[in-house]
Amino acid sequence: MSITSESEWTGMQRVSEVVATTLKAMREYAKPGMTTKQLDDYGRKLFEVSGAVSAPTLTYGFPGWTCISLNGEIAHGIPTRDRVMEVGDLVNIDVSAMLDGYWADNGGSFVLGRDIRGLQPLVNASRDILWKAIHQIRGGVRIADIGRLIETEAKKRGYTVIKNLTGHGVGRSLHEEPGEIANYYDRFNKGRFKKNQVVAIETFISNRSTLALTTKDGWTLIGNKGGFATQHEHTIVVTDGSPAILTQKNEIWN
């Protein structure tokens with residue numbers, strides 16, 4: 001969507017604050033020995049207090065309030081009672097919701113407890129590249145050029161990008177135009193960011209894979225070459241200058 005009124009601005013701010021603070025609280029609540037279902041139930045309670053509804057559940061019938069992916073899973077991990085988080089796990093939480101007709105999306109990866117697998121540099125890369133990409137976005141910038149930046153920065157660090165998972169427009173539904181804000185340079189994408197446009201920008205950085213494949217459960221995504229992948233995501237409003245980062249309160253850059 002493009003924000004054209006004060007009421008739209010207020011609506012996007014409210015839902016964005018809900019998903020941002022929910023992500024932050026879930027990250028802080030996560031502990032070794034906890035199941036991903038317990039963590040998701042905590043997110044559900046936070047949604048219920050705010051009056052928000054899970055976006056993936058509402059849109060796709062996803063079997064969870066949030067997506068929680070562990071280790072070799074890239075995205076769309078289903079929260080279950082038999083997935084126990086352990087010290088050193090790479091955890092990704094993706095939180096998106098609808099509130100009063102407005103939708104927002106954000107996510108982040110982190111190492112749970114001690115970094116016994118040496119994955120913190122991969123987490124840092126995803127987080128830092130997102131910061132750099134977002135701060136290059138303004139009205140008129142080519143979408144493909146942001147993809148080029150993300151891929152170039154990942155390669156500098158010795159990593160790859162997941163090419164079939166992308167950022168997207170958001171606001172009046174979970175996925176809107178522009179439909180594909182890729183993590184690589186897509187020379188066929190001639191689109192440009194527009195002032196007042198609401199978009200979810202996300203990085204998918206891997207230490208091995210380049211594509212996400214769907215597992216037998218029909219939801220969970222893993223890498224085509226294995227390894228690990230990290231994701232960080234903010235919902236922003238494009239301006240003529242620095243973008244307005246609506247999900248800033250998730251504190252993924254802290």
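The values are calculated or read from the model by the stated rules, or taken from the named source; none is laboratory data. Model, not experiment: these values are computed from the prediction. Positions of Cβ are backbone-derived with ideal geometry, glycine not excepted, and every protein chain shown enters the neighbour counts. Accessible surface is based on the protein model in full, side chains and every heavy atom, while ligands, DNA and RNA are left aside. Shrake-Rupley method; radii C 1.70, N 1.55, O 1.52, S 1.80 Å.
See the values below:
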quantity: Amide H contacts of ALA97 (H built 1.01 Å from N, under 5 Å, at least 5 apart or other chain); calculated: ALA55, ALA104
quantity: For the stretch 26-90, diffusion coefficient by Stokes-Einstein and Kirkwood Rh (Cα), 25 °C, 0.890 mPa s, µm²/s; calculated: 202
quantity: Student exercise, the chain dipole from Lys, Arg, Asp, Glu Cβ charges, in Debye to nearest 20; calculated: 700
quantity: LYS249, LYS24, reordered so the largest accessible area comes first (probe 1.4 Å); calculated: LYS249, LYS24
quantity: Separation in nanometres of the label points that stand 7 Å from Cα toward Cβ, at ASP145 and ARG187; calculated: 1.8
quantity: For the chain, built as a Gaussian network whose Cα springs stay under 10 Å, the top-fluctuating residue of ARG157, ARG127, ARG27; calculated: ARG157
quantity: Estimated [θ] at 222 nm from DSSP helical runs (n ≥ 4, -39500 (n - 2.57)) normalised by residues in the chain, nearest 500; calculated: -9500 deg cm²/dmol
quantity: Additional length obtainable on full extension of the chain from LEU211 to SER173, 0.36 nm per residue less Cα span; calculated: 11.1 nm
quantity: Top of ALA20, ALA133, ALA200 by mean-square fluctuation, Gaussian network on the chain, Cα under 10 Å; calculated: ALA133
quantity: Length released on extending from LYS194 to THR80, taking residue separation times 0.36 nm less the Cα-Cα span; calculated: 37.1 nm
quantity: Pairs from LYS155/LYS225; LYS155/LYS194; LYS132/LYS216 whose Cα-Cα separation, in the structure shown, is over 24 Å; calculated: LYS155/LYS194; LYS132/LYS216
quantity: Most positive-pole-ward Cα, ALA144, THR220, GLY171, against dipole of the stretch 99-233 from beta carbon charges; calculated: ALA144
quantity: Förster radius 25 Å - calculated FRET efficiency between ILE116 and TYR60 (Cβ-Cβ, nearest 0.05); calculated: 0.15
quantity: Listed residues ASN196, ASN224, ASN92, most fluctuating in the chain (Gaussian network, C-alpha, under 10 Å); calculated: ASN224
quantity: Nearby lysines by direct alpha-carbon distance to LYS45 (threshold 20 angstrom, same-chain neighbours under 8 apart not counted); calculated: LYS24, LYS31, LYS37, LYS249
quantity: Normalised contact order of the chain, rounded percent, pairs of Cα under 8 Å and 6 or more residues apart; calculated: 23
quantity: Long-range HN-HN contacts of THR80 with modeled amide H, under 5 Å; calculated: THR36, LYS37
quantity: Convex hull volume per residue in cubic angstrom - Cα atoms of the chain; calculated: 110
quantity: Sites TYR29 and VAL53, calculated FRET efficiency, Cβ-Cβ separation with R0 25 Å, nearest 0.05; calculated: 0.80
quantity: Simple spin-label estimate for TRP131 and THR239 in nanometres, 7 Å along Cα-Cβ; calculated: 1.9
quantity: Cα centroid separation, the stretch 70-109 to the stretch 197-221 (Å); calculated: 12
quantity: Net length gained if the chain between GLN248 and SER7 were fully extended (0.36 nm per residue, minus Cα distance); calculated: 84.8 nm
